[in-house]
């Protein structure tokens, strides 16, 4: 029998630090740009992010707290996900600062807002890729016993894709060259993509 450590999250983990985020890792960063109803720009990273459908493409991120990104998306129905490359890691980190809603994180981090094509929200011009999205739904998460949490899941359908030509190789997006930065565990732990391998699904 495998020797394992087990705990019930409701009773506490009993370890020096909660291992949950270290186990569910690495996670691509949800670097989300939004525009407030008054036009103010916002750019913020979220560690809970993922893709949930292909046809049509749907992505989403979860905010712990009803933060400016959620407020802006509720008001405008739009957001953009920006690819965080290793070269942009420091700028991404700067946009995580707890600043007032009227502070432009693009300017704060020295980034260039590039205009959207199918949404009014700009994307990070320096990012290798960006996904323009229109809101599908915002879901407030609940516990097993139905208690509402201060966690908000925003799901959006991708309506526009920007890719820097430098990262297109023979018509394929070169993820390895773009070097995505990912959350990889505890408070300050990040990772970048390492060695890749190929494995095809078995045929029926």
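All of the numbers you see were taken from the coordinates with simple rules; none came from a lab. Since this is a predicted model, take the numbers as computed values, not measurements. Here Cβ is always computed from backbone atoms with ideal geometry, including for glycine, and neighbour counts include all displayed protein chains.
Brief remarks follow.
- Residues 79, 52, 106 arranged by fewest to most Cβ contacts within 10 Å: 52, 106, 79
- Cβ-derived FRET efficiency at R0 30 Å, residue 51 paired with residue 10, nearest 0.05: 0.50
- Pairwise label distance in nanometres, residue 2 with residue 89, each label 7 Å out on the Cα-Cβ vector: 3.0
- Largest-first principal axis extents of the Cα set of the chain (Å): 56, 44, 37
- Residues listed by number, the stretch 45-71, amide nitrogen under 16 Å from residue 38 label point at 7 Å toward C-beta: 68-69, 71
- Förster radius 30 Å - calculated FRET efficiency between residue 100 and residue 196 (Cβ-Cβ, nearest 0.05): 0.15
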